[in-house]
Amino acid sequence: MSSESASFSEVVQVLRSGVVSLVVLDISLCSYNLGIMKIKVIGVLAALAHESRLDIFRELVQAAPDGLAAGAIASKLDIPAPTCSFHLKELRNADVVVSERQGRSIVYRANFSFLQSSLNYLLEDCCGGVAGRLVGPSESDTA
């Protein structure tokens, strides 16, 4: 269709097909992003499902916002430095922690923004869509 010979109805038809394509593309990207988040949350849960990694993560939560160097974490938890480094790598790969080089040390911090996104994903359909209803201890905590 050349621009000189196109009728108004042909232009409208082309625009409509483009809009429909954009809407379909937007829905596809949304579904894709939800799939990616699901995979990331599975990675978070898998990373934290190991006792040593959960201990490391809890130390980093307590050390927030400053974080801790890998050596300090290994010393506090009394685990060998290579083992600690391996677990920190797994936590970093799952986006549970972030790292930053400071001089000769690497300082690790809990990635609170990503963890909040993960919790939001897990709880988005909770309590009729109002996750804020999750307040107070559970019955098992008070028994």
**Message:** Give me the one-decimal nm value for the distance between modelled label points at A81 and M37, 7 Å along each residue's Cα-to-Cβ direction.
**Reply:** 4.1
**Fill in**
Computed for segment 33-110: size of charge dipole around the Cα centre, +1 on C-beta of each Lys and Arg, -1 on C-beta of each Asp and Glu, debye to nearest 20, value 240
**Item:** Inter-label distance, nm, simple model (7 Å from Cα along the C-beta direction), S117/L54
**Value:** 2.5
**Request:** Could you tell me the distance between the Cα centroids of segment 83-127 and segment 46-66, to the nearest Å?
**Result:** 8
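Per 0.36 nm of contour for each residue apart, how much would the distance between A72 and N93 grow if the chain were fully extended, relative to their Cα-Cα spacing?
Working: separation 21, 0.36 × 21 = 7.56 nm, distance 2.03 nm.
In short, 5.5 nm is gained.
The numbers here are math on the coordinates, done by the rules we state, and not lab data. What you see is a predicted model, and the numbers here were worked out from it, not measured in a lab. We place every Cβ from the backbone using ideal geometry, glycine too, and count neighbours over all the protein chains shown.
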